Amino acid sequence: MTYNWDFHSVWQYYDLFLWGLWISLVYTVGSIFFGVIIGFITCAARLSGWKVLDIFARCYQELFRCTPLLVQLLWFYYAFPLLVGGSIDNRLAAMLTLSLYVGAFYAEIFRGGIVSIDKGQREAAAAIGMSPWQSMTRIILPQALKRMLPSFINQSVIQFKNTSLVSVISVADLAYMAAVVNGQTYRPLESYTVMALLYIVMLLPITQAADWIEKRLRVSD
Amino acid sequence: MTIHENRTTAEAPIIEAVALRKSYGNHEVLKGLDLSLARGEVVALIGPSGSGKSTFIRCLNHMEVPTDGTIRFRQKTVGDAFRDKGEEIGYGTLRRHVGMVFQHFNLFPHKTVLQNVIEGPITVLKRPKKEAEELALDLLGQVGLAAKRNDYPNHLSGGQKQRVAIARALAMQPEVLLLDEVTSALDPELVGEVLAVIRGLAEKGMTMAIVTHEMAFAADVSSRVLFLDQGVIAATGSPEEIIRNPANERLRGFVSRFHG
């Protein structure tokens, strides 16, 4: 094969790539931030012992876990405005959808971590007179957080990759910018390879760090 | 017969259970039990598995919520809220004064031995850290584990874990100690060290209710034995009457199976 690589003409648009990367990062960090809040509230609702709250939270979780993210983005951007009348900014739709999506998964990670702690721990805390709040914050959560961490990081890595889907509703993230560069240069192989490399450069350190953290946590057990 | 001779049981009981009932669904585990513990008394609860003895002792500190009946601590009824409410004391208050040691230790694995022991005094009783540590080190010395104070529980043997758990309960300076089959999860060669600690507590006059399968130990350390069978107290009396010389046929069968 005698393909003539030409990264030079593609990299002339490096500012577009970097801007796109920045936007991808903003949506990742933003949706993780809001997702943690949503996940925390959802997890609290699931564990509250109130049937209505539990069912409500579960419906939300299943709705967002059992539909593809792409479908959710399309729905929030194109369908939701018709339902309520008016329009929705594509950036808002993207952030909202990404946050709700990851929040549903985070809630399950949080809940799983908490219920995995042996009930003897709660009993021992109760037996020395701790309130449920003290027991949760001083005994259960410190142990549960440790167990949640690997899944949490894993889900967040997936979230970074998932942000590439916002390009379909014209949010100018890295994937969107790669398409723009391709349109300018007619160099799909180079454009999309640069995009892929940028994702790898961002995520490889995180997955490596996650492996290291996981190993360290196991040692101290 | 040895360590309880001088004690009077005439004074008002510290903790009482009155007509205690507990059901899970349609299954009634406790069918109206009464117990009254005076200061310095050591009561052993024995009986076949499923007789309700663990459930009963767990009702005494509200670890299980009784379906019916009353728990009284120092003549005050324990309510169904964590905090005190009017005349009733909360079960949070009850648990500050009534310690419990579990079959499976339930030490906090993310805390060192010392941190396990000071957790209650600092978090619940709001004691200064220094004071809590001094008491904790004293207690760890008493159970023979002062040298292990900076170890994590997972590095301890079962017997050591259980002795730490006892020290953790004692750090609250409880008026009553509830021991729920505390040697049942231990390797046989580790049972002795835990029983020795409990015997020491009895000699110092600690009020205790002990659920156990160790008949010789129950006979030796207790001032009174309750034999539970199918959710009722089937027999009660001195260790002499219940364990060493049981009159009742069913009791004799049970005791001889466990008594070596």
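We did not get these values from a lab; they are worked out from the coordinates using the rules stated. Everything quoted here is computed from the prediction, not taken from an experiment. Reconstructed Cβ throughout: ideal geometry from the backbone, glycine too, with neighbour counts over all protein chains shown.
Relative to the longest principal Cα axis of chain A, at what angle does helix A:90-115 sit, 0 to 90 degrees, rounded to 10?
30
Put +1 on the Cβ of each Lys and Arg and -1 on the Cβ of each Asp and Glu in chain B; which of B:155, B:190, B:202 then has its Cα farthest toward the positive end of the dipole?
Final value for the positive-end residue is B:155.
If you place +1 on the Cβ of every Lys and Arg and -1 on the Cβ of every Asp and Glu, how big does the dipole about the Cα centre of region B:15-256 come out, in debye to the nearest 20?
On the way: 29 positive and 29 negative charges, 122 e Å.
That gives a dipole near 580 debye.
Taking Cα pairs under 8 Å and at least six residues apart, what relative contact order does region B:26-84 come out at, in percent?
On the way: 22 pairs, mean separation 13.7, N = 59.
With pairs under 8 Å counted, the relative contact order is 23 percent.
Name the residue from A:162, A:201, A:23 whose Cα lies farthest towards the positive end of the charge dipole of chain A, charges +1 on Cβ of Lys and Arg and -1 on Cβ of Asp and Glu.
A:162
Assign unit charges at the C-beta atoms only (+1 for Lys and Arg, -1 for Asp and Glu), then state the dipole size of the protein assembly as shown relative to its Cα centre in Debye, rounded to the nearest 20.
On the way: 47 positive and 44 negative charges, 68 e Å.
In debye, rounded to 20, the protein assembly as shown gives about 320.
Can you quote the Å³ per residue value for the convex hull of the Cα atoms in region B:29-153, rounded to an integer?
Working: hull volume 18.6 nm³, N = 125.
Each residue corresponds to 149 Å³ of Cα convex hull volume.
For residue A:149 and residue A:33, what does the FRET efficiency come to when R0 = 22 Å and r is the distance between their Cβ atoms, rounded to the nearest 0.05?
On the way: r = 17 Å, r/R0 = 0.77.
So, using R0 = 22 Å, E works out to roughly 0.80.
Can you tell me what percent of all Cα-Cα pairs in region A:152-207 are more than 13 Å apart? Walk me through the numbers before you get to the answer.
On the way: 944 of 1540 pairs.
Result: 61 percent of Cα pairs exceed 13 Å.
For the protein assembly as shown, what is the convex hull volume of the alpha-carbon atoms per residue, in Å³? Present the calculation step by step, with values, prior to reporting the outcome.
Numbers: hull volume 107.6 nm³, N = 481.
About 224 Å³ per residue, rounded to a whole number.
How many angstrom separate the Cα center of region A:36-71 from the Cα center of region A:95-173?
12
How high is the relative contact order of region B:111-156? Use alpha-carbon pairs under 8 Å, at least six apart in sequence, and give a whole percent.
On the way: 33 pairs, mean separation 24.2, N = 46.
Relative contact order comes out at 53 percent.
Please give the FRET efficiency for residue A:200 paired with residue B:74, using the beta carbon to beta carbon distance and R0 = 60 Å, rounded to the nearest 0.05.
Numbers: r = 68 Å, r/R0 = 1.13.
The pair residue A:200/residue B:74 has a calculated efficiency of 0.30.
Which of A:135, A:37, A:2 sits farthest toward the positive end of the charge dipole of the protein assembly as shown, with +1 on the Cβ of Lys and Arg and -1 on the Cβ of Asp and Glu?
Value: A:37.
Which FRET efficiency, nearest 0.05, do residue B:258 and residue A:82 yield, Cβ-Cβ r, R0 56 Å?
Approximately 0.15, to the nearest 0.05.
What three numbers, in Å, describe the spread of the alpha carbons of chain B along their principal axes, ordered from the longest?
Taking max minus min along each principal axis of the Cα atoms, chain B gives 53, 48, 41 Å.
Of all the stretches in chain B, which is the longest one without any exposed loop site, taking trypsin sites (Lys or Arg not before Pro) in a DSSP loop (any state but H, G, I, E, B) with at most 12 other Cβ atoms within 10 Å? Provide the component values of the computation, followed by the final result.
Working: sites that count: B:83, B:126, B:204.
That would be B:1-82.
Which whole-percent values make up P(r) of region B:186-260 when all C-alpha to C-alpha distances are grouped in 5 Å steps starting at zero?
With 5 Å bins starting at 0, P(r) equals 3, 14, 26, 24, 16, 12, 3, 0.
So, how do all the Cα-to-Cα distances of region A:1-132 break down into 5 Å bins, in percent, from 0 on up?
Per 5 Å bin, starting at zero, the Cα-Cα P(r) for region A:1-132 comes out as 2, 9, 12, 14, 14, 12, 10, 7, 7, 5, 4, 2, 1, 1, 0, 0 percent.
Obtain the nm distance between the two label points defined at residue B:18 and residue A:141 by a simple spin-label model: each point lies 7 Å from its Cα along the Cα-to-C-beta direction.
4.0
With charges only on Cβ, +1 for K and R and -1 for D and E, what is the dipole size of region A:23-170 about its Cα centre, in debye, rounded to 20? Provide the component values of the computation, followed by the final result.
Working: 12 positive and 6 negative charges, 56 e Å.
Charge dipole of region A:23-170: 260 debye, to the nearest 20.
What longest region of chain A stays clear of chymotrypsin sites (Phe, Trp or Tyr not before Pro) that DSSP places outside H, G, I, E and B and that have at most 15 other Cβ atoms within 10 Å? Present the calculation step by step, with values, prior to reporting the outcome.
Working: sites that count: A:3, A:5, A:50, A:186.
Within chain A, the longest run free of exposed chymotrypsin sites (Phe, Trp or Tyr not before Pro) spans A:51-185.
With the contact rule set at Cα under 8 Å and sequence spacing of 6 or more, what percent relative contact order holds for region A:23-170?
Values: 149 pairs, mean separation 52.8, N = 148.
It comes to 36 percent, rounded to a whole number.
What is the Cα radius of gyration of region A:101-221 over 2.2 N^0.38 Å, N being its residue count?
Values: Rg = 20.9 Å, N = 121, 2.2 N^0.38 = 13.6 Å.
So the Cα radius of gyration is 1.54 times the expected 2.2 N^0.38 Å.
Quick check: pseudo-label points 7 Å beyond the Cα along Cα→Cβ at residue A:14 and residue B:244, how many nm apart are they?
For residue A:14 paired with residue B:244, the spin-label model returns 9.3 nm.
Show me the three semi-axes of the equivalent ellipsoid for chain A, from the C-alpha gyration tensor (sqrt of 5 times each eigenvalue), largest first, rounded to whole Å. Present the calculation step by step, with values, prior to reporting the outcome.
Numbers: eigenvalues 321, 113, 25 Å².
That gives 40, 24, 11 Å for the three semi-axes.
On a 0 to 90° scale, report how tilted helix A:141-162 is relative to the longest principal axis of chain A, with both axes built from alpha carbons and the result rounded to the nearest 10.
20
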